[in-house]
Amino acid sequence: MIRAFVALSLPEPVLDALATLQQGMPAPRVVPVENLHLTLAFLGEVDETALEEAHHAFQHIAAPGFDLRLSGLGMFGGARPRALYAGVVESAPLRHLQGKVETAARNAGIAIDARRFVPHVTLARLNAARLDKPRMAHFMAGRMGFSSHAMTVTDFRLLRSHLGPSGASYEELARYPLQ
Ligand code: 3AM
């Protein structure tokens, strides 16, 4: 079985801005800069045949390239925060592409989470029990105005996730150009 997901990679200037944003973050597990990405669909643990089929479907996705900008900060998990992320400025072409990726994966027999897509770039994973809430609130308040440069999205990627004791490492399996 292969643990895989589909994501957008981020250009160097945006990665630099996110690395700066991560400085001093009161979080136990800050995502290493080489792992920062914008997930379009988490495929989960899939067998090679299903992945091959999904890959074939992704190759046939026709969608235009587009510009995107990251903005603001948010947390997932409600009362039990589990991740801190950079938000994404609302983008119809991003939603269009994400919908196509999700449909292609489903048509290949892969069960995708039915929850509404919330575009984000995870910056740190949190431990709710050990979170210093006042410190985090202060950290976030000072950085809510965060905004990245616009970036041009020209492709999306199929990534394999290797889980290890020191966190995940990602391996690029395929790259799909946009029009
Ligand atoms: O884009 P981020 O980093 O937020 O959290 C995992 C990561 O998302 C997510 O897939 C991305 C690549 O690992 N992920 C992991 N397990 C998941 C699951 N069971 C999941 N997303 C949904 N359901």
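Round to a whole angstrom and tell me the spacing of the C-alpha centers of the range 1-66 and the range 123-169. That distance is 12 Å.
At full extension, Gln59 and Arg80 could sit 3.7 nm farther apart than now, given 0.36 nm per residue minus the alpha carbon distance.
Beta carbons within 10 angstrom, averaged per residue: use that to sort the peptides 25-31, 114-120, highest first. Mind showing how you got there, number by number?
Numbers: 25-31: 17.3, 114-120: 11.9.
Ranked by mean Cβ neighbours within 10 Å, highest first: 25-31, 114-120.
The Cα-based radius of gyration of the chain, divided by its Kirkwood radius, gives an Rg/Rh of 0.97.
Determine the dipole magnitude for the chain: charges of +1 sit on the beta-carbon of Lys and Arg, -1 on that of Asp and Glu, nothing else is charged, the reference point is the Cα centre, and the result goes in debye to the nearest 20.
Details: 18 positive and 16 negative charges, 179 e Å.
Its charge dipole is roughly 860 debye.
Using a 1.4 Å probe, what is the accessible area per residue for the range 1-94, in Å²? Working shown, then result.
Working: 4420 Å² over 94 residues.
Ligands and nucleic acids excluded, the result is 47 Å² per residue.
Using +1 on the beta carbon of Lys and Arg, -1 on that of Asp and Glu, and nothing else charged, what's the dipole of the range 77-179 about the Cα centre, debye to 20? Intermediate results must be reported in sequence, preceding the final value.
Working: 15 positive and 7 negative charges, 78 e Å.
Around 380 debye, computed over the range 77-179.
Taking only the alpha-carbon positions of the range 66-139 and ignoring solvent, what does the Debye formula give for the base-10 log of I(q)/I(0) at q = 0.11, 0.13, 0.22 Å⁻¹? At q = 0.11, 0.13, 0.22 Å⁻¹ the computed log10 ratios are -0.39, -0.52, -1.02. Distance between the pseudo-spin-label points of Arg116 and Glu90 (7 Å out from Cα toward the beta carbon): 1.1 nm. Solvent-accessible area of Phe42, all protein chains in place: 100 Å² (probe radius 1.4 Å, heavy atoms, ligands and nucleic acids excluded).
Under the simplified labelling scheme, the Thr49-Met144 pair shows an inter-label distance of 5.2 nm, with each label point 7 Å from Cα along Cα→Cβ. Surface calculation, 1.4 Å probe, protein heavy atoms: Tyr170 sits at approximately 70 Å² accessible. Annotation: Glu12 carries an accessible surface of approximately 120 Å², with a 1.4 Å probe and no ligand, DNA or RNA atoms counted.
Of the peptides 90-96, 34-40, the ranking by mean beta-carbon count within 10 Å, highest at the top, reads 34-40, 90-96.
Using a 1.4 angstrom probe on heavy atoms only, work out the carbon and sulfur share of the accessible area of the range 54-179 in %.
Values: 3580 of 6920 Å².
Reported share for carbon and sulfur atoms: 52 percent.
The values are calculated or read from the model by the stated rules, or taken from the named source; none is laboratory data. Every value quoted in this text rests on a predicted model; they were computed, and no experiment measured them. Cβ: placed from backbone, ideal geometry, glycine included. Neighbour counts: every protein chain shown. Surface areas here come from the heavy atoms of the whole protein model, side chains and all, with no ligands, DNA or RNA. Shrake-Rupley method; radii C 1.70, N 1.55, O 1.52, S 1.80 Å.
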